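The values are calculated or read from the model by the stated rules, or taken from the named source; none is laboratory data. Since this is a predicted model, take the numbers as computed values, not measurements. Note that each Cβ is placed from the backbone with ideal geometry, even for glycine, and that neighbours are counted across all protein chains shown.
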Amino acid sequence: MSNTPIYGNYHGYYTKRPSAKDPRLSLLPSGIFRGARVLDVGCNEGWVTCEIAQYWGADKVVGVDIDDTLVRAAWRRRRTVWSLQAPSEPKVEGLGSEEGVISKKRKRESQAFLSEKSKLSLPDYFPMSCEHEFGSLPVPPSQNRGKQVFPHNISFRTADWTSTEIPEDAERYTVVIAFSISKWIHLNTGDEGLKNFFRRVYQVLEPRGAFVLEPQAWDTYAKAKRMDERLKENAKDLKLRPDDFENILTSFGFGRAQHFGTTGEGGFRRPVDMFIKL
Ligand SMILES: C[S@@+](CC[C@H](N)C(=O)[O-])C[C@H]1O[C@@H](n2cnc3c(N)ncnc32)[C@H](O)[C@@H]1O
């Protein structure tokens, strides 16, 4: 992969766009990921992907990116996030027996302890400094019951998803996320390539599935195309503009856009829209 980030494959992207809670996700309807199978196309270092898997109740989340170095960083992100996650409430055995009386007391104590800790909002249960010094905590083997829970409900793949199927596509998804990637697909593969991408998203979604799109504005293409001669040449032939995307998507069988608002700072200020597969 060339050193020029012609796919928007920025390394350290989330140091420029840091957020423990991604504001784009906060714009979405709260139940959208509950029990869902989610594909995050262009997952970069996996921060958004991990947040969906950890906090939004998704059963399965797959992040795909064209840049293998980023995908390896995404797997590391999973380990980091797992290390920082506080343990859940301990299980109390033996309720009902004499022993159970003691256990109930212990349970009350442990609940009180945990709620005190959560008041202190526990991000430093395993501080980042521990990870720097000792490495991340190992991920325990998944038991069947935990398969739909972080960190077992997430995986990453390296692929150019515009042209390559990944095995998870066959089962189809409830939600496909495309945050800040349409410009890169558009500049690399032209109007037809972008349309093919939208078609593929339609194909891999279940009926009533949701496509969540955060398109970059047309005026940001100028700077992007300057980084590479091929992108500059490709850009000359582009007829489609981001304002046309809604009509293209509806012509492929999606409903009209649901606009959830605009978020992000400075050059990252972009709309987040959702299209339902009819
Ligand atoms: C600007 S970053 C956006 C990262 C992330 N979606 C976000 O908004 O937080 C675009 C990402 O899309 C990836 N990408 C671009 N074209 C791709 C393709 N055809 N298939 C898979 N990933 C792609 C890049 O490698 C990069 O990590």
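Values as computed for the structure displayed
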{"read-out": "Search result, residues across the stretch 162-173 that are within 16 Å of the ligand (Cβ to nearest atom) and loosely packed, with under 15 Cβ neighbours inside 10 Å", "value": "S163, T164, E165, P167"}
{"read-out": "Set R172, R145: member being of a type outside the set (F, W, Y) and modelled with pLDDT of 95 or more", "value": "R172"}
{"read-out": "Selected residue [in contact (Cβ under 8 Å) with a residue 40 or more places away in the chain, small (G, A, S), within 13 Å of I154 (Cβ to Cβ) and surrounded by fewer than 24 Cβ atoms within 10 Å (Cβ to Cβ)] from A53, A58, A74, A36", "value": "A36"}
{"read-out": "Residue match in the stretch 193-208 (condition: surrounded by fewer than 18 Cβ atoms within 10 Å (Cβ to Cβ) and touching a Pro at 6+ places or on another chain (Cβ under 9 Å))", "value": "no"}
{"read-out": "Among residues of the stretch 195-223, those that are under 22 Å from the mean Cα position of the chain (by Cα) and within 21 Å of F268 (Cα to Cα), counted", "value": "7"}
{"read-out": "Verdict on V48 being more than 9 Å from the ligand (Cβ to nearest atom) and outside any loop (DSSP other than H, G, I, E, B)", "value": "no"}
{"read-out": "Sole residue being over 13 Å from D40 (Cβ atoms), near the ligand (Cβ under 9 Å from one of its atoms) and not hydroxyl-bearing (S, T, Y), chosen from K147, K183, K195", "value": "K183"}
{"read-out": "Members of the stretch 151-187 found to be more than 24 Å from T80 (Cα to Cα) and touching a helix residue (DSSP H, G or I) at 6+ places or on another chain (Cβ under 7 Å), listed by number", "value": "T162, D169, R172, Y173, V176, S182, K183, I185, H186, L187"}
{"read-out": "Residues (outside any loop (DSSP other than H, G, I, E, B) and under 14 Å from W75 (Cβ atoms)) located in the stretch 127-174", "value": "I154, S155, F156, R157, T158"}
{"read-out": "Residue list for the stretch 1-36, restricted to those being part of a loop (DSSP other than H, G, I, E, B), more than 9 Å from the ligand (Cβ to nearest atom) and within 18 Å of R270 (Cβ to Cβ)", "value": "P18, S19, K21, L27, L28"}
{"read-out": "Out of A178, A159, sole residue that is surrounded by fewer than 18 Cβ atoms within 10 Å (Cβ to Cβ), under 26 Å from R24 (Cα atoms) and within 14 Å of the ligand (Cβ to nearest atom)", "value": "A159"}
{"read-out": "Residue check for S180: in contact (Cβ under 8 Å) with a residue 12 or more places away in the chain and polar (S, T, N, Q)", "value": "yes"}
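Table: residues versus (1) surrounded by fewer than 13 Cβ atoms within 10 Å (Cβ to Cβ); (2) under 23 Å from D40 (Cα atoms); (3) at pLDDT below 95.
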site	(1), (2), (3)
L231	no, no, no
N234	no, no, no
K239	yes, no, no
L249	no, yes, no
H259	yes, yes, no
G266	yes, no, yes
R270	no, yes, yes
M274	no, yes, no
